[in-house]
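Here is the structure we will look at, set down as structure tokens.
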Amino acid sequence: MTLHQRQGQRFLPYGANYLDWSDMAELKEVIDHQVLFRYQTEQESMASRLERRVGERLGVAHTLAVHNCTEALRLALISTRPSIGDPVYIPAVTFVAVAGAVLSCGLIPVLVDADESLALDRTLLPPDARRVIVAHMEGSVATLPEGVPYLIEDCAQTLGGRFPDGREVGTAGYAGVFSFHHNKVLTSGEGGLVVTGDDRAGATMRCYHDHGSARVPGHYPTWDQDAHYGENFVTSEEVAAVQCQQFRHLDEVLAGLERMYALALAELPGRTDIRPLPRARGDVKVSMRLRCESRELRDAAVAALTAEGIAHWTLGKYLLPEHPVLTGRRSLYADGFPWNHAPEGPLQLSRDGFARTRDLLDRTLCLPLSPELPEADQAAAVKTIRRVLETV
């Protein structure tokens, strides 16, 4: 694919651009070993190797690989030992999987409006909030609320991000969850991680993810008097191998995103009606986010970028107050579980019924960056984007 054909568009997820047979030593090792189940061998499994490397990078005591980030959220929530119907405060602007994870645990999602950065507005939380999920959306590191005993960081879109004090995202609260989905920073198609510094939580999550009891590698599960029911969230060796390969390229991906972001920021047209949203130093620069003066101008920019074949997206799909699962309290259970344990009335915290947030989303436009391109090609790509935006 030539740069002219790309027109600044990113055709593959960031990490997928680094997938190459010559670089798949971990996958070859797994295939040569001919064992794809992580607990079938007495040596360190590939899944354990991934968990160890991620834990060392993040500086966290417990890391667990699972099938996807939604399972990671479920494990984090279940490990808090909740009661059916307990409220969980979640962002009004995030992917519906967050609400789905809460509901599938028998808990009730309460939507919390966004601040100017589109992160959960922590000032709206009640003082007695016990379970809160904060999403670091679009690579932006959100400011966390204080005093919440079970604060879960959703880092699905922000692997490699850092707080101003240098800590890695996912390590500042009770637990952090990450995604290796197709469109994330690194990818194995699907895949997730949950991390925690809490010993009890780490042990509970590891047991629950393997049918409720701790397993000794190389042996059949050993049931004891402390066993409880659980599910099968155990990742496979071949998926963990791809994730190990991807993780080796994390710093390379992050550096490429930083480089192209700086180029794009310098090349943006000097318009006051289309301005970039600020990115902090520790953010993962997965996109250039633009705020337009009006919905009409945003739509005109979308049309112009589409005509030129330039990748872009808007964020209205993330507005959970308009999702039917929330608006209609939808459930597959005959009795409406767990909504039948929810109080009557709106389950939301907002000063204006989400009007300001809707307006912000309606005027926001995101342009993906391409960290794998050589710098000269990156410069040419952003010049193309500038030319299009100047004509809107």
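The values are calculated or read from the model by the stated rules, or taken from the named source; none is laboratory data. Note that this is a predicted model, so its numbers are computed, not measured. Methodologically, a virtual Cβ is constructed for each residue, glycine included, from the backbone with ideal geometry; neighbour enumeration extends over all protein chains shown. What goes into the accessible areas is simple: the full protein's heavy atoms, side chains included, and nothing from ligands, DNA or RNA. Shrake-Rupley method; radii C 1.70, N 1.55, O 1.52, S 1.80 Å.
Would you check if Ala47 is crowded, with 18+ Cβ neighbours inside 10 Å and in contact with an Asp or Glu (Cβ under 9 Å, 6 or more places away or on another chain)? Against the criterion (crowded, with 18+ Cβ neighbours inside 10 Å and in contact with an Asp or Glu (Cβ under 9 Å, 6 or more places away or on another chain)), Ala47 qualifies. Out of all the residues in the range 161-179, which are surrounded by 23 or more Cβ atoms within 10 Å (Cβ to Cβ), assigned to a loop (DSSP other than H, G, I, E, B) and either small (Gly, Ala, Ser) or without any contact (Cβ under 8 Å) to a residue 24 or more places away in the chain (or both)? The answer is Gly161, Gly170. Among the residues of the range 237-272, which ones are surrounded by fewer than 17 Cβ atoms within 10 Å (Cβ to Cβ) and under 30 Å from Ile78 (Cα atoms)? Glu238 - this is the single residue of the range 237-272 that is surrounded by fewer than 17 Cβ atoms within 10 Å (Cβ to Cβ) and under 30 Å from Ile78 (Cα atoms). Take the conditions among the β-branched types (Val, Ile, Thr) and under 19 Å from the mean Cα position of the chain (by Cα) and apply them to Thr123. Does it pass? It is false that Thr123 is among the β-branched types (Val, Ile, Thr) and under 19 Å from the mean Cα position of the chain (by Cα).
Exactly one residue among Val216, Val234, Val239 is modelled with pLDDT of 95 or more and in a loop (DSSP other than H, G, I, E, B), and that residue is Val234. A single member of Leu320, Leu315, Leu332, Leu349 is hydrophobic (A, V, I, L, M, F, W, C), open to solvent by 40 Å² or more (accessible area, probe 1.4 Å) and within 19 Å of Asp115 (Cβ to Cβ), and it is Leu349. Filtering the range 17-37 to residues that are surrounded by 18 or more Cβ atoms within 10 Å (Cβ to Cβ) and modelled with pLDDT under 95 leaves Asn17, Tyr18.
State yes or no: is Arg289 surrounded by 16 or more Cβ atoms within 10 Å (Cβ to Cβ) and among the charged types (D, E, K, R)? In short, yes. From the list Arg289, Arg259, Arg298, the lone residue that is within 21 Å of Leu12 (Cβ to Cβ), basic (Lys, Arg) and assigned to a helix (DSSP H, G or I) is Arg259.
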